[in-house]
Each structure stands twice: as C-alpha cells, then as structure tokens.
Amino acid sequence: MNEANSNWKNLYKLSGWVAIILLIYSLATMVILLGLGGPPTTAQEILEMLRQNRLVGLLRLDALTTLVTPLYYLLFLSLFIALRKTYKLVATLTLLLGCAGLTLFLAAPSFISWITLSDKFALATNDAQKTLYLAAGETILVTDLWHSSSGFVGGLLLQTSTLLISLVMLHGNTFHKSTAWVGVVTHSLDLAHIPFLLIIPPVGEFLLMIGGTLYLVWFPLLARDFFRMSRKE
C-alpha cells in the first residue's frame, strides 16, 4: 500500500509539471498568434511560408499543439486516480471520454503532413506536379486538427470530459474549490465555442478568446493542487 501511495505521489508531482508545461504552451501560443499570426488560409500560402522559413511556418501551423497535446493523457490519468475512490463512475467516464477525444484529435493531419508535402512541392519540376500537390494541400487543410470531423468530435469529447471532471472537483476536498470553479467556466466556454464556430463564427471566436485566456489561470491552480497532493502524507 505504501509503495502504491508513493507511486501515486510521483504521478501527481509529474502531473503538476505537466500543468506547468501546458501553461507555458498556452502563453507561447498567444505570443505566436500575436507576433507571427495564425495559419494561412490556402495551401499555396502555407507551402510558400514553409519554403521561406520552416520554423516560423511550423509554429504557425500549430506544431506545438500536436507535440504538447499528448501530455493530456497523463493529466487525465492523474485526475482519474485522484477522484476514483469517491467518484469512480464519473472519473472512469471522464478518463474514457478524454482519451477518446485526444486520440481522435491527434489522428487528424498535422504539421508533419505539411512538411512532407512542402518537400515534394519544392522538388516539383512542372506545373502539373505543383497543381497536384496544391490540391493535396487543400485536402490537408480541410481535414486538419481544426477543420476535420475527428478534430471536431475529439474537441467535443475533450471539453466534455474536462468540464465533467471540473464539476466533480467541486465536491470533496481533493482539489481546491477555486481550481474547480475556474475549470467549470473555462471548459464550459471552450466546449460552447466549438458548435458556435460552425453556426455563428464570431461568437465562437469570442468564446474561445475568453476561455483560452482562462487556461492561464486554471493550469497554475491545477499544478498547485497536484504538487500539494504529491506532498500529502
């Protein structure tokens, strides 16, 4: 039993650092959007951007998102372990929803597809080949993390899972109430923005802006709670 508790404490400490990494990622994403801009809207613009400066191009194509998002698997596992004794059914449900959402989200084409296509486009020797690669690029563009069915459903599952877990946090003393309430508001807004982006895009973008900013509050609170739990006797 003591060995198991020690393992859970190590897991909580690791998850605290994961929350810090996600905080840094959130800040970096805001800096990239403000300083470099978001992804271009056409395949030709993206391929040209990658040709001129690959690093800038990858940052604008959300390479950080693809690399950092798998850390949520560890976060969902830690949340499940922390809440399983009192709220086993809901904790299990959120773990399953979260992992399913992550898998769907990561299954969509990402910056790796653009690197491969960019290299082929640069080596194209005639207009027919370039036209073919541009058409392939447009296909990637409409099936990527933010525009595909897997990304859409994955986002819904992810935000549903984190909203449910935040609601569970409100009960008991495992997590601080401030962590729970900020989580409820953050993930409610992030969940709501997904359908609104399809129906009323300006409203969806506004909800995303507010919800995205609140992650800068939620991640430090989550890290604080995990570090506290890792020290608990």
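Some observations on this one:
- From the options 34, 47, residue that is of a type in the set (A, V, I, L, M) and in contact (Cβ under 8 Å) with a residue 12 or more places away in the chain: 47
- For segment 207-233, a residue qualifies if it is basic (Lys, Arg) and either part of a helix (DSSP H, G or I) or surrounded by 15 or more Cβ atoms within 10 Å (Cβ to Cβ) (or both), and the qualifying residues are 224, 228, 231.
- Pairs meeting the criteria (first residue in segment 178-192 and without any contact (Cβ under 8 Å) to a residue 24 or more places away in the chain, second residue in a helix (DSSP H, G or I) and of a type outside the set (Asp, Glu), beta carbons under 7 Å, at least 6 apart or on different chains) are 180/166; 180/169; 184/163; 184/166; 184/167; 192/207.
- Qualifying residue in segment 85-92 (condition: in the same structural domain as residue 132 (by TED's automatic domain parsing), among the basic types (Lys, Arg) and either loosely packed, with under 14 Cβ neighbours inside 10 Å or touching a strand residue (DSSP E or B) at 6+ places or on another chain (Cβ under 8 Å) (or both)): no
- Top-ranked residue in segment 113-136 [being farther than 12 Å from residue 50 by Cβ and among the hydrophobic types (A, V, I, L, M, F, W, C); ranked as farthest from the chain's Cα centre (by Cα)]: 128
- Only helices (runs of 4 or more DSSP H) whose full extent lies in segment 1-68 are considered here, and the ones with at least 1 residues that are under 30 Å from residue 232 (Cβ atoms) and in contact with a helix residue (DSSP H, G or I) (Cβ under 7 Å, 6 or more places away or on another chain) are 2-35, 63-68.
The values are calculated or read from the model by the stated rules, or taken from the named source; none is laboratory data. On a predicted model such as this, the values are computed, not experimentally measured, just so you know. Virtual Cβ from ideal backbone geometry, glycine too; neighbours counted across all protein chains shown.
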